[in-house]
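The values are calculated or read from the model by the stated rules, or taken from the named source; none is laboratory data. What you see is a predicted model; the values in this text were computed from it and never measured. Cβ placement follows ideal geometry from the backbone for every residue including glycine, while neighbour counts extend to all protein chains displayed.
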Amino acid sequence: MLPPPESFWSELQVQTSRSSGPGGQNVNKVESRVEVRFDVSNSLLLNDEQKQRILEKLGNQLTAEGLFVVTAQEDRSQLRNKEIALKKLHDALVKALHRPKARRPTKPSKGAVRKRLETKKKNSEKKANRRSLDD
């Protein structure tokens, strides 16, 4: 994977804060939680089509200002949490920009149709043989 262009880093806002949860003195003193903000609408790296696609796919995860916010507080290390948050951001953007392959409708082969109908007929005969003669 190619490293992102330098202008990408200028579009990200990284903020740290104290992580929540148990952890004793480390949690109380160290700002290990990392929050990465990316302004999709004002991005210079994305074209209009890409912006629209991201806004459609990630619309419910955007703030009122149109920022895509990713947080990470899994690790005790701020650097590691920054890497995790950037990976989450990258994965979300790649997933939003992915275009699924168009499905081409297919028909079952004649042999498959014949085999299916033969199986149905055999099952029908099998069940008919189970019936009592009174019916």
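Below, the figures for the structure above:
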{"quantity": "The range 1-18, subset under 25 Å from the mean Cα position of the chain (by Cα) and modelled with pLDDT of 70 or more, residue surrounded by the most Cβ atoms within 10 Å (Cβ to Cβ)", "calculated": "E11"}
{"quantity": "So E74, is it within 30 Å of R18 (Cβ to Cβ), surrounded by 13 or more Cβ atoms within 10 Å (Cβ to Cβ) and modelled with pLDDT under 85", "calculated": "yes"}
{"quantity": "Within the range 21-135, helices (runs of 4 or more DSSP H) holding 3 or more residues that are of a type in the set (A, V, I, L, M, F, W, C) and closer than 16 Å to E11 by Cβ", "calculated": "78-97"}
{"quantity": "Residue within the range 92-107 that is within 32 Å of the chain's Cα centre (by Cα) and polar (S, T, N, Q) present", "calculated": "yes"}
{"quantity": "The range 22-38, subset of a type in the set (A, V, I, L, M, F, W, C) and at pLDDT 80 or above, residue surrounded by the most Cβ atoms within 10 Å (Cβ to Cβ)", "calculated": "V34"}
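For (1) modelled with pLDDT of 90 or more; (2) in contact with a Leu (Cβ under 6 Å, 6 or more places away or on another chain); (3) surrounded by 14 or more Cβ atoms within 10 Å (Cβ to Cβ); (4) β-branched (V, I, T), each residue gets a yes or a no:
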| site | (1), (2), (3), (4) |
| --- | --- |
| S20 | no, no, no, no |
| L44 | no, no, no, no |
| L55 | no, no, yes, no |
| L62 | no, no, yes, no |
| I84 | yes, no, yes, yes |
| L97 | no, no, no, no |
| A112 | yes, no, no, no |
| E118 | yes, no, no, no |
